[in-house]
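Chemist: Please see the structure below; I have some questions.
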Amino acid sequence: MRLVVGVDVGNSTTEACAAEVDEGRETERLAASLTPTTGVKGTPANAAGVVTAVRRALEAAGRPGAVVDTVLLNEATPVISGLAMETISETIITESTMIGHNPETPGGEGLGVGTTVALDELGGQDGPVVVVVGAGADFDDVAHALNRAVERGVDVVAAVLHGDDAVLVANRLDRRVPVVDEVAAVDRVPLGMLAAVEVAPPGRTIRTLADSYGLASTFSLDAEQTRQVSPVARALAGTRSAVVVRTPEGDVTDRRIPVGTLTVTGATRSIDVGVDEGADAIMAAIGRVAPLQDVAGEPGTHVGGMLAAVRDTMVDVTGQPAAEIRIRDVLAVDTMVPVTVQGGLAGEVSRENAVALAAMVRTSRSRMQAVADEVAAALGCDVRIGGVEGEVAVRGALTTPGSAVPIAVVDMGGGSTDAALLDRDGRTDAVHVAGAGELVTKLIDSELGLDDREAAESVKRHPLAKVESFFHVRHEDGSVQFFAEALPPHVFGRVVTVTPEGLVPVPVRRPVEAVRVVRREAKRRVFVVNALRALAQVAPQGSLRLLGSVVLLGGSALDFEIPAMVADALAPHGVVCGIGNVHGTEGPRNAVAAGLVDAHAAALVAP
Amino acid sequence: MTSDVTDLTPADYPLSINRPELLRTPTGKALADITMAAVVSGEVTNEDLRVTPETLVLQGRIAESMGRRQLGENCRRAAEMTAIPDAEVLAMYNALRPNASTAAQMEEIAARLEGTYSATTCAALVREAAQVYAARNLLAEES
Amino acid sequence: MTAVEPRPQTSEVRPSKRTEVLENRPVNLDGFVEEWPEKGLVAMESDFDPQPSVRVEDGRIVELDGRTRDRFDFMDTFIADHAIDVDTCEAAMATPSVEIARMLVDPRASRADVVALGRGLTPAKILDVVKLMNVVEIMMGIQKTRSRRTPANQAHSTSAKDNPIQVAADAAEGAVRGFAELETTLGVVRYAPLVAIGLQVGGQVGRGGVLTQCALEEATELDLGMRGITAYAETISIYGTESVFVDGDDTPWSKAFLASAYASRGIKMRFTSGTGSEVQMGNAEGRSMLYLEIRCILMAKGAGVQGLQNGSISCIGVPGAVPGGIRAVAAENLVASWMDLECASGNDQSFSHSAMRRTSRLLPQMLPGTDFVCSGYSAVPNKDNMFAGSNLDTEDYDDWNTIQRDMQVDGGLRHVREDVILQVRNKAARALQAVFAELDLPAITDEEVEAATYADSSDDYPDRDVLADLEGARSVMERGVTGLDLVKALERSGFGDVAENYLQVLRQRVSGDLLQTAAIFTGDFVPLAAINDANDYAGPGTGYRLTGERWEQLKKLRHVTSAENPEEEVV
Amino acid sequence: MTTATGTRTLSLRETGPAERGTRPEEVVIALSPAFGDPFTKTIVDVPHAEVIRQLLAGVEEQGGVARLIKVYRTADLAAIAHFGAKLSGSGIAVGILARGTTVIHQRDLARLSNLELFPQAPLLDAEVFRMIGANAAQYAQSRSPRPVPTRNDQMARPRWQAKAALLHLKEFECIDHARAAVEVEPVITRVD
């Protein structure tokens, strides 16, 4: 009997499988282990992780310190991925002409049109006035002053406040007028100008100021002027309250931000594509030059910087000259990010367009021999490098009960999504495409405006629920769960993730449904898109229909919804897709390590 | 236990230096057996790094020889407690909190200390507490 | 409104320029209140404290300080039955208080005699004695009665971000500067295992034999102790009235049981109490702060715990605000020492806006020396101090060292050259990096090691992936990682000397030597307790004297002009 | 946020025994024995009139309704607030001590637990009381408010710890075991 340990060095984890093999005897797998990969996959730094993984596997097998006959390593090659995001649109307000934010609680209802006047200067005005109230005013004092002015004959038609006092002031007015509050930069509202204030009833949105012709009627605009203010109307759509001030040069613009170009190079030609053209344009350009040979970005942009960093890291890791490093895959995804409006007076936030880009570079220059030498020295045993990446994984996956050739595997990791195929003739093919778990986290983070990677990670990994009382939660699927003991106060009334450690509040003010949509869309746009993209590259004749079984491997295969999402996407192509169960026992883990052992055992039988 | 330990004096302190021959780990190893080599080889485990009831009694004697009667008693109670599993020690502590146990529950703990663990000093402490709690209205309501 | 905002001008009268200057002095940001003795808002001189008395019948105390046994509350009962020596109490109580007070001061009365006499005294009698003493006499008393001969010091090593690398680096620096014990606590409690590991590894890098603890709720604290990740425990609070004790969800019996539980696992432990806590919680039962604290001290003694952390601790703002309050705080340290307990003597909480007041509050412990002058000198900047700030922090290191040198007193610290500090900080961070790698905990980057080497506060470190760290912390508990696993990890990763230091600390658990009164470790792993290093002060020329090699160490400061070559500084 | 310009005084007019409310969105504000009378301001001199005005304003701004009760039998903040929560139609109450220490409570919680606690009275000003009122109203309407940012000041101890203890003792003096809780109507008068 010989004690062998198969070791799979992956991007993020190193897995080991200890087994006893002998000619003519059934291989006996003893135990498996899992440890974080040390250093970049395929580089000498991996040796430490390999040694740890071997030691762990032996400990788990109840044979610590046992003499190992052979360690089997996969032929791992370095893969480096990067992630960047560019915001490509912005809203700019000039001359403080518009306040379109959504204070939680505006006061009053309706539309008021008049000339802007500071509270202190109230009195004696002819015609309707919109009162502008600065910081530090007390709600009782403000209401009192407005009521007095109305008594004196001033036609107060609306008010704009600095503090969060709109309901308080409106409730104290003898005459009901719309009041907009929480305008942080109220001191910049131009005075003596015609302005309109509109507040919609609770649960409704404004009608007049969010409509071009409504604005035209309000401010008596001609056709050309109406055309000019139409961006204002668009920008105000969907808000419950708004203020528009008519000034000589005032304007709202919604413009594209030039964020540089990407140069995508194929075998025969190069195309420049503007990042601000969006994800579809970028992916289309990549399709046109296929097969992609390299991508470069413009220096000084996030994307350019990210691509350069990816390249530099690979240079550091492999020692190859920069010129030889090629970026072989890019995934662009459209997203929305909340951005504070430039020139806004109330800290208004608009949801701007952005493009997220994942890139990946790999090299064929593996330095596994160095790893092997170091492991051999540390453990004092024979170390063999064997098996082309992908090939071994497929063989391991094939031990999943019910799977059959042709078989493809998809391994969705943190930085890249990998696919491999074993066809009926025993040929294998493998690809790596950019974009995986990290990109999903980033999309969730930015789209929910969390600015909190941990919270985004939690949303990605766990189902959602709403804590409806101290004794029950409503899960995202609508089911209700009751608790005998009161839930902790910090989750009361909140949207939470349901984690093994308990309920964790998600710092958002949106309903569960909205958060769920963001999460699933992010996963769909990355994992589903990439699974299909990668499979199409390895599928016979590029046709998904010709794939027999698709087996999902790796950590993402353990996700609570990704496997089902991928399977649903593949179903129309007549593909059987499921979660790997290596040797019927290991689940989606250990395919490569077990595959190495199997291949080794097979070689013993038939040398 | 050897006979010369009854007359331990302050001069015997520290035992780890002056009387190492009196010390054993719970698995019977000598102090000198706790070496790095033994740790690395797995011969010494966490189980070895605990104090034995015998050692606690010795330390209690030294404390008493310094006139520290109560510290000596504490060592004696501790010696009895070495046999009680961690979780049960904590459970007993929680049961001794005010308004946490009925008179019957307190007696149950005392009986268990005495019966299962031969912890007579600890049992006496619990019974004494039960008496005081009864007088000061600190027992849990019988339900 | 924050505490550093100046007081609003209330008077209509135009103030003088001088008044303006005085108004702006930091001391006027402190709060001061008038006494209210009926409610216990009084330091130590109150007409409402009981008169001393004791009566013994059938070998049992049946009257204590004016109360008969049928009227005892549980503190009276516990003290009468466990703390006071029944055989000697009637004779001891018959000794005039002034006689006893003089014995505490008079070098010709031996420590042994005055401690023996103390075993028979009731709380009111003890109060009656210390009330006769002024603050210098109290210091004389501490100098004589403190249990260990060699004074020591204790540090807080915490991080506002619960960053284990920061805790390790500051623990290492603290240890090399001389702290004998290091204490930590958390902002996010779930971080505890990683921070406790950081503290232990860092401490053993700085100086082998440093003892560490992590202040948490009892179950987790005991668990970390039993695994050998921490070495002692301290935050076991006791109170001077029955009602406040019960509000704290404990009784003298539950705490006594807990004391034995720690000892049964070979873990050093002390209780914590302090003047002001009862009145702060509104239930002083009309007794002075010091009277109630004396009850705590006797309760601790009765429980058989080896020591006590007292000196008001987290309630220092209360005695600090009443007349004679800091004298009372010094007196409570004296009583703890006199009752033959190890005394970790406070100076561990934000006390005053005034640097002068902070120093004067410190001197009654620093000058006579105590078992731990500070029971928490902040070895991190106060803003990183998760115990809510200390009376002294890292900014005060050079001042402290200078006062030691000026007064020729040993406050437990020393000046250490920059290169040595950088070296131990770097090594602590690297050792922790190796341990984390060995244990599959979230990696510590070289950038973090570099930051730790040169950092001052948590702001100087890269942010950690908190989620991953918390996951790692959970796995430490779940996998049952023990101190021995850490030793092995250190040994395997080339930190054999640190591993050896740590193993020595763990090994001591078998001997129980650290369970004795005031036990600490020397750098050579010799347990130093109030047995083999018992205080032998007997007047001038005796007891601990700052001389020889240690004095040479303490003569060093950051900048001292060389006598040999005045153009250079001594290094 | 606004601050009052004038000085206002508070008097609490008793309207009857404190009873259980039925409005599902109401917030009960439960005052301690010494609140308003005999004390008139918090530990940092925020007038009680302003505390009440801002708490009520916070509730009103969020479209809620509030009801005030005064408790005499205990000066324990948790007990006061929990008592208020049990009388609240929504189950939400704000409890407040004369020195300013405040808590938001819910009736299903254990007495010593809470939704939001503001233990450092010296750090509570008019602005914070407004936010506390606003959050209580949102809890009462089953919304998810962002917790009021807590402030921290290590040097509050030397300045305020003893005064807090003194005020605590004074508050205890005002406990009247014989007197049941009453509903009160705040009468806030501007004096300048």
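Chemist: Go through segment C:22-45 residue by residue and tally those that are within 14 Å of chain D (Cβ to nearest Cβ), closer than 13 Å to C:PRO319 by Cβ and in a loop (DSSP other than H, G, I, E, B).
Modeler: Residues in segment C:22-45 being within 14 Å of chain D (Cβ to nearest Cβ), closer than 13 Å to C:PRO319 by Cβ and in a loop (DSSP other than H, G, I, E, B): 8 in total.
Chemist: Would you kindly identify the helices (runs of 4 or more DSSP H) lying entirely within segment B:37-143 that contain at least 3 residues that are under 27 Å from C:THR517 (Cα atoms) and facing another protein chain (nearest Cβ under 8 Å)? Before the answer, list the steps.
Modeler: On the way: elements: B:53-65, B:69-81, B:86-95, B:103-117, B:120-135.
Output list reads B:53-65, B:69-81, B:86-95, B:120-135.
Chemist: Also, quick follow-up: Quick check on my filter: what residues within segment D:78-103 are surrounded by fewer than 24 Cβ atoms within 10 Å (Cβ to Cβ) and closer than 19 Å to D:MET131 by Cβ?
Modeler: D:SER90, D:THR101, listed by residue number.
Chemist: Can you find even one residue in segment B:1-11 that is facing chain C (nearest Cβ under 7 Å) and either among the aliphatic types (A, V, I, L, M) or not in a helix (DSSP H, G or I) (or both)?
Modeler: Scanning segment B:1-11 turns up no residue that is facing chain C (nearest Cβ under 7 Å) and either among the aliphatic types (A, V, I, L, M) or not in a helix (DSSP H, G or I) (or both).
Chemist: Find the residue count for segment D:26-53, including only residues that are out of contact with any strand residue (DSSP E or B) (no Cβ under 6 Å at 6 or more places or on another chain) and within 14 Å of chain C (Cβ to nearest Cβ).
Modeler: Start the filter on segment D:26-53 by keeping residues that are out of contact with any strand residue (DSSP E or B) (no Cβ under 6 Å at 6 or more places or on another chain), which leaves D:32-35, D:37-40, D:42-46, D:50-51.
This time we only want the ones that are within 14 Å of chain C (Cβ to nearest Cβ), so: D:32-34, D:42-46, D:50-51.
The total comes to 10.
Chemist: Just wondering, is there one or more residues in segment A:515-538 that are within 14 Å of another protein chain (Cβ to nearest Cβ), crowded, with 18+ Cβ neighbours inside 10 Å and either over 16 Å from the mean Cα position of the chain (by Cα) or modelled with pLDDT under 90 (or both)? Let's see the steps before the verdict.
Modeler: Initial filter on segment A:515-538 (within 14 Å of another protein chain (Cβ to nearest Cβ)): A:515.
Within this subset, residues satisfying the condition of being crowded, with 18+ Cβ neighbours inside 10 Å are A:515.
Cutting the leftovers down to either over 16 Å from the mean Cα position of the chain (by Cα) or modelled with pLDDT under 90 (or both) gives us none.
So far as segment A:515-538 goes, no, none of its residues is within 14 Å of another protein chain (Cβ to nearest Cβ), crowded, with 18+ Cβ neighbours inside 10 Å and either over 16 Å from the mean Cα position of the chain (by Cα) or modelled with pLDDT under 90 (or both).
Chemist: Collect the residues in segment C:223-254 that are part of a helix (DSSP H, G or I) and more than 19 Å from the chain's Cα centre (by Cα), keeping them in residue-number order.
Modeler: We begin by selecting, within segment C:223-254, every residue part of a helix (DSSP H, G or I); these are C:223-226, C:242-247, C:252-254.
Residues satisfying the conditions are C:ASP223, C:LEU224, C:MET226, C:GLU242, C:SER243, C:VAL244, C:PHE245, C:VAL246, C:ASP247, C:PRO252, C:TRP253, C:SER254.
Chemist: Let me ask something else. Sort out for me the helices (runs of 4 or more DSSP H) sitting completely within segment C:483-571 that have 1 or more residues that are of a type in the set (D, E, K, R) and closer than 30 Å to B:MET36 by Cα. Don't jump to the end; show me each part of the working.
Modeler: Values: elements: C:483-492, C:496-511, C:548-555.
The qualifying helices (runs of 4 or more DSSP H) are C:483-492, C:496-511.
Chemist: Moving on. Does any residue of segment C:470-488 turn out to be in contact with a Gly (Cβ under 8 Å, 6 or more places away or on another chain), at the interface with chain B (Cβ under 10 Å from one of its Cβ atoms) and not polar (S, T, N, Q)?
Modeler: yes
Chemist: Checking A:THR38 against (1) in contact with a Leu (Cβ under 9 Å, 6 or more places away or on another chain); (2) more than 19 Å from A:GLU586 (Cα to Cα), which test does it fail?
Modeler: Of everything listed in (1) in contact with a Leu (Cβ under 9 Å, 6 or more places away or on another chain); (2) more than 19 Å from A:GLU586 (Cα to Cα), A:THR38 misses just condition (1).
Chemist: So in segment D:131-163, with the set limited to residues that are more than 28 Å from C:SER277 (Cβ to Cβ) and touching a helix residue (DSSP H, G or I) at 6+ places or on another chain (Cβ under 6 Å), which one is farthest from the other protein chains (Cβ to nearest Cβ)?
Modeler: D:VAL148
Chemist: Are any residues in segment A:130-184 under 39 Å from the mean Cα position of the chain (by Cα) and acidic (Asp, Glu), and if so, which ones? Quick ask: steps written out before the conclusion?
Modeler: First, pick out the residues of segment A:130-184 that are under 39 Å from the mean Cα position of the chain (by Cα): A:135, A:160-167, A:179-184.
Correct list: A:ASP164, A:ASP165, A:ASP181, A:GLU182.
Chemist: Which residues, taken from segment D:11-61, are in a strand (DSSP E or B), within 14 Å of the chain's Cα centre (by Cα) and farther than 18 Å from D:LYS86 by Cα?
Modeler: First pass over segment D:11-61, keeping only residues in a strand (DSSP E or B): D:11-17, D:26-31, D:41, D:47.
Imposing the further condition that a residue be within 14 Å of the chain's Cα centre (by Cα) reduces the set to D:12, D:27-31, D:41, D:47.
Across segment D:11-61, the qualifying residues are D:LEU12, D:LYS41, D:PRO47.
Chemist: Out of the residues in segment C:295-332 that are among the small types (Gly, Ala, Ser) and closer than 30 Å to B:THR121 by Cβ, which is surrounded by the fewest Cβ atoms within 10 Å (Cβ to Cβ)? I'd like the intermediate steps shown before the answer.
Modeler: At the first step, the residues of segment C:295-332 found to be among the small types (Gly, Ala, Ser) are C:300, C:302-304, C:307, C:311-312, C:314, C:317, C:320-321, C:324-325, C:328, C:330-331.
Now drop any that are not closer than 30 Å to B:THR121 by Cβ, which leaves C:300, C:302-304, C:307.
Values: C:ALA300: 30, C:GLY302: 22, C:ALA303: 27, C:GLY304: 25, C:GLY307: 29.
Out of the qualifying residues, it is C:GLY302.
Chemist: Moving on to the next point. I need a count of the residues in segment D:62-81 that are within 13 Å of chain A (Cβ to nearest Cβ) and part of a helix (DSSP H, G or I).
Modeler: 2
Chemist: Considering segment D:164-184 alone, what residues qualify as being under 16 Å from the mean Cα position of the chain (by Cα), within 12 Å of chain C (Cβ to nearest Cβ) and not in a helix (DSSP H, G or I)?
Modeler: Scanning segment D:164-184 gives no hits.
Chemist: Sort out which residues of segment D:82-111 are part of a loop (DSSP other than H, G, I, E, B), out of contact with any Asp or Glu (no Cβ under 8 Å at 6 or more places or on another chain) and farther than 18 Å from D:VAL128 by Cβ, and write them in order of number. Break it down stepwise before answering.
Modeler: To start, the set of residues in segment D:82-111 that are part of a loop (DSSP other than H, G, I, E, B) comprises D:88-91, D:97-101, D:107-111.
Restricting the remaining residues to those that are out of contact with any Asp or Glu (no Cβ under 8 Å at 6 or more places or on another chain) gives D:100-101, D:107-111.
D:ARG107, D:ASP108, D:LEU109, D:ALA110, D:ARG111 - these are the residues of segment D:82-111 that are part of a loop (DSSP other than H, G, I, E, B), out of contact with any Asp or Glu (no Cβ under 8 Å at 6 or more places or on another chain) and farther than 18 Å from D:VAL128 by Cβ.
Chemist: What's the number of the condition C:LEU467 fails, among (1) in the same structural domain as C:GLU491 (by TED's automatic domain parsing); (2) closer than 30 Å to C:ASN535 by Cα?
Modeler: (2)
Chemist: While we're looking at this one, here's another question. Any idea which of (1) at pLDDT 95 or above; (2) buried (at least 22 other Cβ atoms within 10 Å of the Cβ); (3) touching a strand residue (DSSP E or B) at 6+ places or on another chain (Cβ under 8 Å) is the one D:THR2 doesn't satisfy?
Modeler: All conditions pass for D:THR2, except number (1).
Chemist: Please count how many residues of segment C:72-96 are more than 14 Å from chain B (Cβ to nearest Cβ) and in contact (Cβ under 8 Å) with a residue 40 or more places away in the chain.
Modeler: Residues in segment C:72-96 being more than 14 Å from chain B (Cβ to nearest Cβ) and in contact (Cβ under 8 Å) with a residue 40 or more places away in the chain: 1 in total.
Chemist: How many of the residues making up segment C:369-388 are surrounded by 24 or more Cβ atoms within 10 Å (Cβ to Cβ) and either more than 14 Å from every other protein chain (Cβ to nearest Cβ) or not in a helix (DSSP H, G or I) (or both)?
Modeler: Taking segment C:369-388 and keeping what is surrounded by 24 or more Cβ atoms within 10 Å (Cβ to Cβ), we get C:369-380, C:384-385.
With either more than 14 Å from every other protein chain (Cβ to nearest Cβ) or not in a helix (DSSP H, G or I) (or both) added as a condition, the list becomes C:369-380, C:385.
Total meeting the criteria: 13.
Chemist: Tell me, please, whether a residue that is surrounded by 17 or more Cβ atoms within 10 Å (Cβ to Cβ), over 22 Å from the mean Cα position of the chain (by Cα), in contact (Cβ under 8 Å) with a residue 12 or more places away in the chain and not assigned by TED's automatic domain parsing to the domain that holds C:THR241 can be found in segment C:152-161.
Modeler: Yes, the conditions are met somewhere in segment C:152-161.
Chemist: Right, another one. Restricting to segment A:511-520, give me the number of residues that are more than 22 Å from A:PHE470 (Cβ to Cβ) and in contact (Cβ under 8 Å) with a residue 60 or more places away in the chain. Reasoning before the result, please.
Modeler: To start, the set of residues in segment A:511-520 that are more than 22 Å from A:PHE470 (Cβ to Cβ) comprises A:513-514, A:516-520.
Those still in the list that are in contact (Cβ under 8 Å) with a residue 60 or more places away in the chain too: A:518-519.
Counting residues in segment A:511-520 that are more than 22 Å from A:PHE470 (Cβ to Cβ) and in contact (Cβ under 8 Å) with a residue 60 or more places away in the chain gives 2.
Chemist: Just need a number here: residues in segment C:311-347 that are part of a loop (DSSP other than H, G, I, E, B) and within 12 Å of chain D (Cβ to nearest Cβ). Steps first, answer last, please.
Modeler: Of segment C:311-347, the ones part of a loop (DSSP other than H, G, I, E, B) are C:311-312, C:316-318, C:322-324, C:339-341, C:345-347.
Of the ones still in play, those that are also within 12 Å of chain D (Cβ to nearest Cβ) are C:312, C:316-318, C:322-323.
Result for segment C:311-347: 6.
Chemist: Across segment C:429-469, what is the number of residues that are more than 14 Å from chain A (Cβ to nearest Cβ) and among the aliphatic types (A, V, I, L, M)?
Modeler: Residues meeting the conditions: 7.
The values are calculated or read from the model by the stated rules, or taken from the named source; none is laboratory data. Computed from a predicted model, the values in this text were never measured in an experiment. Cβ coordinates were reconstructed from backbone atoms using ideal geometry, including for glycine residues, and neighbour counts include every protein chain displayed.
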